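Notes to accompany the following structure.
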Amino acid sequence: MKRQIAIVSALVICLGLVAFAADGKTDFSGTWSLDKAKSDPIRMGRGRSGDGGGQAPTIDITLVITQTDNQLNVTRKVTFNGQDRSTEQKFSLD
C-alpha cells in the first residue's frame, strides 16, 4: 500500500511540474560568455613534437541570444589567438 501511495504521489508531483513548466515561458535572451574557471579546458590538438606540448591557445567564446515568441537568433563569436570569427544561426520556434 505504501508503494502505491509513493507512486501516485510521484506521479502527481511530475504532472504538477509539467504543468508549471508549460505555463512559464523560458527566455534565453542575453549575452553568454564561456567561464573558463568552471569549464573543462579546450584542447586544440598536439604540439609540434606530438607529445601534447606547446603553448595553450587563447580562446574566448561569447553567445548573443535574442528570443522572440517564434524565433531564436544565436550569434556566436569566437576569439582564437586574437582573431575573431562570428556565425549566426536562426531557429524557428513555431
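Numerical summary
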{"read-out": "Total formal charge among the other residues, if their Cβ is under 12 angstrom from that of THR31, Lys/Arg +1 and Asp/Glu -1", "value": "+2"}
{"read-out": "Virtual spin-label span in nm between GLU88 and THR62, 7 Å along Cα→Cβ", "value": "1.6"}
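We did not get these values from a lab; they are worked out from the coordinates using the rules stated. As the structure is a prediction and not an experimental result, all values here were calculated from the model. Using ideal geometry, Cβ is built from the backbone for each residue, glycine included, and neighbour counts are taken over all protein chains shown.
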